[in-house]
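In what follows, a structure is listed as structure tokens, so that the remarks can point back to it.
The values are calculated or read from the model by the stated rules, or taken from the named source; none is laboratory data. Note that the structure is predicted; figures quoted are calculated from it, not measured. Cβ placement follows ideal geometry from the backbone for every residue including glycine, while neighbour counts extend to all protein chains displayed.
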Amino acid sequence: MDKKIKFNTKNLDLFYGDFQALKSINMEIGEKEVTAFIGPSGCGKSTFLRCLNRMNDLIDGVTIKGEILFDEKDINGDIDVINLRTRVGMVFQKPNPFPMSIYENIAYGPKCQGMKDKTQLDTLVKESLVKAALWEEVKDRLNKSALGLSGGQQQRLCIARTIAMNPEVILMDEPTSALDPIATAKIEDLMSSLKKDFTIIIVTHSMQQAGRISDKTAFFLMGEVIEFNETPIIFTNPNDKRTEDYITGRFG
Amino acid sequence: MSRKIKDNIVKSIIYLATAITLSVLLFILGFIFVKGIGLVNWDFLTRDYNEKVFYAFTQSEEIPMSIDTDTLSKNTPYDDRYETLTEGPIYIENIGAAVSKISYKNYTSEKEQFVISYIEKGSPLLNAKDSTGATINIKTDFILESINGESFENLTLDEVVSIISSQSGDLKIKVVQPGGGIKSNIITTLYMVLISLLVALPIGIFGAIYLTEYAKPGRIVNIIRFAAETLAGIPSIVFGLFGMAFFVVALNLQISLISGSLTVAIILLPVIIRSTEEALKTVPMAFREGSLALGATKLQTIFKVVLPCAVPGIATAVLLSIGRVVGESAALLLTAGTVSQIPGTLFSPGSTLTVQAYYIAKEEGNIELACAIGIVIIVIVIVLNILSRITSDKLDVFNKK
């Protein structure tokens, strides 16, 4: 494989207090691929995802051991956390647009980085909304509150907001679990079009979704990565019995 | 006893309790209104409490009256609760104004006085200057006491009119601006609200930000919270004593607007910290995460996302605080004084409405006037409440869809 490695974790352990939530995770995530994490609830896949842009820093009592390399640099040492988060964006499970206008939501990140030029911001807002397939729906109401959008639109707005930062990686934590099937389909389409430009890592509870959109899939169980392979292999011919059991719906 | 009877007994107790609460409340409000409403009028709100005596310098000038005598006699700016018109009004051409004799009576004094009841356009009284050369704004209601050294004491109106009419050229008139109003107390109260909020709001909000966003939960935070809660429960006279010892004496700020405001600001701090903290806690964690995930710093997150969401809660804090300041009396009695004047500087004393109500009821025994002040206080609190409700609705980011 000549694909560049974006994230490389080495012997990553994570503890919530005394409870070990991640056990010695070793994983290489390739650039401009869609990587899906699947597994039953509480298996550590979201926790692992949140390690990648250090969102776990916000939680008290979390200790992390081992290394996470982002472009071969240690994210817990060599890279400033603010810089890391501008390069590794995140979309959350529940759409969380800020209670401001649609325009302000997109412009928020760039403005925080110090972008002030109005025309530059205008173009950026438009580009991001176009890329997130939301422009046509909201172009007449950019100054209205984002809270007036539907759930699916709000989630695409959150994706647009993340794209506006032009990150290298987009982390998605069950981005469609709060949405109806039509909105879900739109977001999945969006993801396939985004993978040309971005590395996407997605946590999902829907195995069909993982099958449809991802290039690689990792199966998590009890804080361990049981299997990590090309998606078609995971779904048709898994190496591990537990992966097969989970995928065929025998537990989970 | 059957269950139904028990239920009915409990139910009637509940209704009774509600009825008692409501009727007590209505009775108190009604009592204050009935006692005081007769005294609330425009003069009461716009006059100073103390009379002011001036010497007015002007030139006599013959100005004919432009209205007929019927209209003139209807033009009676008298407060018929204290004042009875005994003679007049009679128009005097060389001062361009009409004068009446009025007998004035209130709880503490009773006297006869000559009052300006009408001022003609172009009257020399309108451009009268005081001894320093500043213009005196003479209005109807002002009392005349002497002209060019000739006192009006114990004279009839006709005698006064003939004395005034016989003057020509330069006039030196002793005028008294009537008192009995609460303008200075209203203004002092508003100053007090403004200054104490200016001091207490930023400190309280930043304190609350520290407690919710920065401090690691644990001993220190618990101690600070406990301290804030305890402070909120301490009677304000204790703060007043502290303010007196510290601001008035130790910092030598004297009994003044600033001593009072700072003392009240300390009383407000716990209220503001507690309610801002509650407001910040209700802002969903998802907003903070969303902002941080976009590479915003913690401060940017707090000021651009978290605080705007907490505005309605902070507005509630402001509202509670305003109520506290307007209602505060014990602490201000000790730190801001009982002088009824508009404080010229931060370092001059002034009495707020509540202090004035106390003073009038206690020192002058005038319950009705105190009740009238009570009405004004109630109205101010209601108006401020409505205003803050409106602003907080306007600023509520979750309301705009």
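Structure notes:
- The range A:54-78, subset outside any strand (DSSP E or B) and touching a helix residue (DSSP H, G or I) at 6+ places or on another chain (Cβ under 8 Å), residue farthest from the other protein chains (Cβ to nearest Cβ): A:Ile75
- Residue satisfying condition, being surrounded by fewer than 16 Cβ atoms within 10 Å (Cβ to Cβ), in contact with a helix residue (DSSP H, G or I) (Cβ under 9 Å, 6 or more places away or on another chain) and over 22 Å from B:Glu213 (Cα atoms), within set A:Gln93, A:Gln113, A:Gln120: A:Gln120
- The range B:274-287, residues that are within 24 Å of B:Ile224 (Cα to Cα), over 26 Å from the mean Cα position of the chain (by Cα) and not acidic (Asp, Glu): B:Arg274, B:Thr276, B:Ala279, B:Leu280, B:Lys281, B:Thr282, B:Val283, B:Pro284, B:Met285
- Some residue of the range B:240-253 being assigned by TED's automatic domain parsing to the domain that holds B:Ala317, part of a helix (DSSP H, G or I), surrounded by fewer than 22 Cβ atoms within 10 Å (Cβ to Cβ) and not aliphatic (A, V, I, L, M): yes
- Only one of the numbered conditions (1) among the charged types (D, E, K, R); (2) assigned to a helix (DSSP H, G or I); (3) in contact (Cβ under 8 Å) with a residue 24 or more places away in the chain is not met by A:Asp122, and that is (3).
- When A:Arg50 is tested against the conditions (1) within 14 Å of the chain's Cα centre (by Cα); (2) within 10 Å of chain B (Cβ to nearest Cβ); (3) farther than 17 Å from A:Ile170 by Cβ, the lone failure is (3).
- On inspection, B:Gly290 qualifies as of a type outside the set (D, E, K, R), over 14 Å from A:Lys111 (Cα atoms) and at the interface with another protein chain (Cβ under 8 Å from one of its Cβ atoms).
A quick yes/no check of all residues on (1) assigned by TED's automatic domain parsing to the domain that holds B:Leu333; (2) without any contact (Cβ under 8 Å) to a residue 60 or more places away in the chain; (3) closer than 30 Å to B:Ala372 by Cα:
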{"position": "B:Thr188", "(1), (2), (3)": "yes, no, yes"}
{"position": "B:Tyr191", "(1), (2), (3)": "yes, no, yes"}
{"position": "B:Ile223", "(1), (2), (3)": "yes, yes, no"}
{"position": "B:Ile273", "(1), (2), (3)": "yes, no, no"}
{"position": "B:Lys281", "(1), (2), (3)": "yes, no, no"}
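- Among the numbered conditions (1) away from chain A (no Cβ under 14 Å); (2) modelled with pLDDT under 90; (3) touching a Ser or Thr at 6+ places or on another chain (Cβ under 8 Å); (4) crowded, with 21+ Cβ neighbours inside 10 Å, the only one that B:Ala330 does not meet is (4).
- The range A:160-184: number of residues that are touching a strand residue (DSSP E or B) at 6+ places or on another chain (Cβ under 8 Å) and within 12 Å of chain B (Cβ to nearest Cβ): 9
- Each residue in the range A:84-103 was checked for being more than 9 Å from chain B (Cβ to nearest Cβ) and touching a Phe, Trp or Tyr at 6+ places or on another chain (Cβ under 7 Å), and 0 of them qualify.
- Qualifying residue in the range B:275-284 (condition: β-branched (Val, Ile, Thr) and away from chain A (no Cβ under 14 Å)): yes
- Here the helices (runs of 4 or more DSSP H) wholly within the range B:299-401 that include at least 1 residues being among the charged types (D, E, K, R) are B:307-327, B:353-363, B:367-395.
- Residues of the range B:51-93 classified as under 18 Å from B:Phe142 (Cα atoms), among the β-branched types (Val, Ile, Thr) and at pLDDT 75 or above, total: 4
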